[in-house]
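Structure first, commentary second.
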Amino acid sequence: MSDDLAVALVDGAPVTEFPKDLHIPPEALKVFIELFEGPLDLLLYLVRRQNIDVLEIEVAEITKQYIDYINLMEALEIDLAGEYLAMAATLTEIKSRMLLPRTSSDEEEDDPKEELIRRLQEYEEIKLAAGALEKIPRLERDLHLLSVEKPEIDQDIPQPEVELKEVLFAFSSVLKRAEMFAQHRVEYETLSVRDRMASILTKVNLDSGFINFFDLFEADDGRLGIIVSFLALMELSREGLIEFVQREAYAEIHVRALKADVENNRYQ
Amino acid sequence: MIDQEKIIGIVEAVLLAAESPMEVKELVELFNSEELDKDTAAKTIRDALEVIGSEYDRRSIELKRVASGYRFQVKQDYSEWVGRMLKDRPPRYTRALLETLAIVVYKQPVTRGDIEELRGVSVSQNIMRTLLERGWIKTVGQKEVPGRPALYATTKEFLDYFDLRNLNDLPEISEIQELVVKEIQEGNDEVSREVAVNIDVEDNEEGGQLSEDILDTDNTSSNVVSLPLSNG
């Protein structure tokens, strides 16, 4: 690899060989690339190594160094963020433009070199500003707040007069709240399907064999009672003691006792 | 009316006991009209603050005016020993976080996109979260561009933390530019040396997934973090 990294001559002067501090093991190289905050930071480092102002940037030389760098990283299979590759593309573009003769139409376009210089300058300012921030004395590190025990506070807080209506009002709100939290204890009702079967059968037989389905249910029975009644009806039906009859679709359903009047089946 | 001597004592006592900096106005409000002449109250308090401040000149604590008001603090000269006494090491912040903060400080109000443009890399969510959680930056609005990104600016808490009264206390960009020139004149030895030091102490925060990326709590290294190019 070192063959690719021969010393370059710029303006007749030997400028830079591939950074000497890169001839270190790959793990260390990984650490090295991680030192940079991104492509701008790496680029700035390369420029600064030449000890020149960003304005005097030698695009061709810097591009070569930058791309050598990226190639080295890739050869060592170090994952580089996409931003590094994008910067390599930008540098190559600038370099190739500089090789071409300038035409008047180029002047009107944004010069990518100018743009790059502007970004490098701005980034350098920010970098230095960050360094300045780091040096400013700050709490927890350079300055500490005091930890003073406060005196015992012996204050007479005037007790307000409490009026009776306030108490009553408070009490009523307690009651209201209590209502919301009232518990409903549910107890098992001793409802037996067998009992209900007997009472239904009695009713059906009493009413000359026919009774409206709905009349077999009592609203007071509650949900559970209604369910028990229904189960009782099903059971009676299964045992062949009653029969459901309906004149037509959606008509009222009637219940009749089967053995009471079997031959009188005009509903069927 | 309470005499000046007593007022000095009261102001000192209150500031010693206060949990956060206090403005002159807040100090004035502690007195009723029988204790302090309301017309001259602000001046009386300011005079008292001045007396207190000068009385601590020779001691290890100082009365400092920061963005949110006056507060007592331990002088910087003693931070080393106070730091040894305290069990928690102070949080250290990575370059990525400081650069992000610097962008908000100098370019505010800025969007996340502006920060990424300036740094040339994506900003990790952790950094923004840390800055917001520390209360150093806040959203001050939304930029009227597609997506309406949040605009960030620094807060009084930021100034308080960095012992500043206002943003003008910070070096201006022009001063920073002078630093750049100085750096160039001083040569590049500095750069490689600083990079070498930083190999020991800096973490990578490019990906920014780990909280250690931001709070560098490693205290094994005795190297003080010194940022490259910041020897001014």
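The values are calculated or read from the model by the stated rules, or taken from the named source; none is laboratory data. All values reported here derive from a predicted model rather than from experimental measurement. Neighbour counts run over all protein chains shown; Cβ positions are idealised from the backbone, glycine included.
Before moving on, here are some points about what is shown:
- Among the residues of region B:107-134, those identified as under 16 Å from B:Leu167 (Cα atoms) and surrounded by fewer than 22 Cβ atoms within 10 Å (Cβ to Cβ) are B:Lys107, B:Gln108, B:Pro109.
- Checked across region B:63-74, the condition of being part of a helix (DSSP H, G or I), in contact (Cβ under 8 Å) with a residue 24 or more places away in the chain, within 9 Å of chain A (Cβ to nearest Cβ) and not polar (S, T, N, Q) holds for no residue.
- All positions within region A:38-67 that are within 40 Å of the chain's Cα centre (by Cα) and in contact (Cβ under 8 Å) with a residue 40 or more places away in the chain: A:Gly38, A:Pro39, A:Leu40, A:Asp41, A:Leu42, A:Leu43, A:Leu44
- B:Val104 falls short of the stated requirement of being out of contact with any Cys (no Cβ under 7 Å at 6 or more places or on another chain) and at the interface with chain A (Cβ under 10 Å from one of its Cβ atoms).
- Residue match in region A:30-41 (condition: under 14 Å from A:Leu116 (Cβ atoms), out of contact with any helix residue (DSSP H, G or I) (no Cβ under 6 Å at 6 or more places or on another chain) and at pLDDT 70 or above): yes
- Selection status of B:Asp88, more than 9 Å from every other protein chain (Cβ to nearest Cβ), in a loop (DSSP other than H, G, I, E, B) and not hydrophobic (A, V, I, L, M, F, W, C): no
- Single match in B:Leu30, B:Leu63 (criterion: buried (at least 19 other Cβ atoms within 10 Å of the Cβ) and modelled with pLDDT of 90 or more): B:Leu63
- Residues of region A:216-251 satisfying the condition of being at pLDDT 80 or above, farther than 15 Å from A:Val193 by Cα and acidic (Asp, Glu): A:Glu243
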